[in-house]
1. Quick check: pseudo-label points 7 Å beyond the Cα along Cα→Cβ at D37 and S278, how many nm apart are they?
2. May I ask you to evaluate 6.51 cos²θ - 1.76 cosθ + 1.60, the Karplus curve with θ = phi - 60°, for each residue of the range 84-94 and list the ³J(HN,Hα) values in order in whole Hz, giving x for glycine and proline?
3. Given R₀ = 35 Å, FRET efficiency for R238-L152 by Cβ-Cβ distance, to 0.05?
4. What do you get for trypsin sites (Lys or Arg not before Pro) in the range 289-372 restricted to DSSP loop and a cutoff of at most 13 other Cβ within 10 Å of the site's Cβ?
5. For helix 60-70, what angle does its Cα long axis make with the longest principal axis of the chain, in degrees from 0 to 90 and rounded to 10?
6. What does the charge count near D128 come to, summing +1 for each Lys or Arg and -1 for each Asp or Glu among other residues with Cβ under 14 Å from its Cβ?
7. Tell me the net charge near V63. Cut-off is 11 Å between Cβ atoms, V63 excluded, with +1 for each Lys or Arg and -1 for each Asp or Glu.
8. To the nearest 0.05, what FRET efficiency results for N294 and V28 with a Förster distance of 25 Å applied to their C-beta separation?
Amino acid sequence: MRGRRQALRLWHRWFGLVAGLWLVLLSVTGISIAWYDEIDTALNPDLRRVVVGDAPPVPLAIVLARAEATLPGFEARQVQLAGQPGQTHWLIGRAIGDDGSSMGVQVFADPATGAVAGWRESGALRLDRRHLMDLIYGVHTELLLGPVAAWLLGLVALAWIADHLVGLALSFPRGERWRDAFRLAGRSRSLRRLFDWHRAKGMWAWPLTATLALTGLTLAWPEATRDAVRLVSPVSERLHEAMPRGADRPLPAITLDQAVARVRESGRKVHSVRPMLSQGLYAVRTFDPRDMDNQGRLWTYVSATTGQVVGARHDRGDSVGDAFFAWQYALHSGHAAGVPGRIAVSLGGAVTILLWWSGMRLWRRRRWRHRF
């Protein structure tokens, strides 16, 4: 028993020393992107906000035409509609750069006039106000190093899950003393007080940080975690992922506006629309009572040639496995519970930083004590 406990302590110590700085970086960036829209709007009000008027929104065809006039070769991959008065449409796509190469861009447009408020390059390594939040988002998801780094972050998340279990095993004494894991004892500034401070905040925040670890793993390793969940429950994908693609699809017979109008006949509010013309589709996302967050989780697919609805699927799907994965981003971002949820996620990040700091102090003080 003593040998096993010593092994757990060794794991916990070295996990903190090796992975601690990674978790601090993820915590700092995660706290920031929990408030992505608010921070980005504060930094770039000229892109994200417009003067509210009485004019109704212009057709999306006008918005796209003006985006194409501003950025040669612009092709929209997603159009997120302004969610509230005073917000801009957010167009994500690709355009031709000055050197003739294709680059990812984000275009912001006034819904009432279609005028382009401005644009920025997606994924640009710049620290200016235009690109700061996208830079932080890239650091959080893949350290700006691509899929290999994203896989490594998944490995850190997996080790973090294991460390949560190790922390439980180390924190709960036997018998009636389990409450001690949530309390502070010892004199102020004593080693015992520092240990209790490290343990207690970890125990109080354990459900929150464990949720962040688990959802971080599923988001970093989507295919591997889906394969694991399929062992106990079916997991299906969005309908368009199983639909055939073809480079020789005919030109669309209906416009983006007609596809959106077709879905709006149901009375649902549209979140965004994706032209998927290589599959002959428009994918229109709408808000639905089953949504877990504010992203619009009901996907309705409209044929670009006939204008007919060819399928619909909510991200929650039809199985426990589908529902499990639908909740992952909503929980990890905090949007599942609105502003309180994002506050909770920010608190989880702050506690993770404090756990690293108190753990480092505890390790240094113990090393210093053993020297003398």
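1. Simple spin-label model gives 3.0 nm for this pair.
2. 9, x, x, 9, 9, 5, 10, 9, 10, x, 9
3. Details: r = 27 Å, r/R0 = 0.77.
The value I calculate is 0.85.
4. Working: sites: R290, R297, R313, R316, R342, R361, R364, R365, R366, R367, R369, R371; in loops: R290, R297, R316.
Listed in order of number, the matching sites are R290.
5. Approximately 80 degrees, to the nearest ten.
6. Numbers: positive: R120, R126, R129, R130; negative: D40, D46, E121, D134.
Computed value for this residue: 0.
7. Working: positive: R66; negative: E68, D110, D257.
For residues surrounding V63, the net value is -2.
8. Details: r = 24 Å, r/R0 = 0.95.
Taking R0 as 25 Å, the efficiency between N294 and V28 is 0.60.
Only the coordinates and a few stated rules stand behind these numbers; no lab work does. Owing to the predicted nature of the structure, the values given are computational and were not obtained by experimental measurement. Cβ atoms come from the backbone with ideal geometry, glycine included; neighbour counts cover every protein chain shown.
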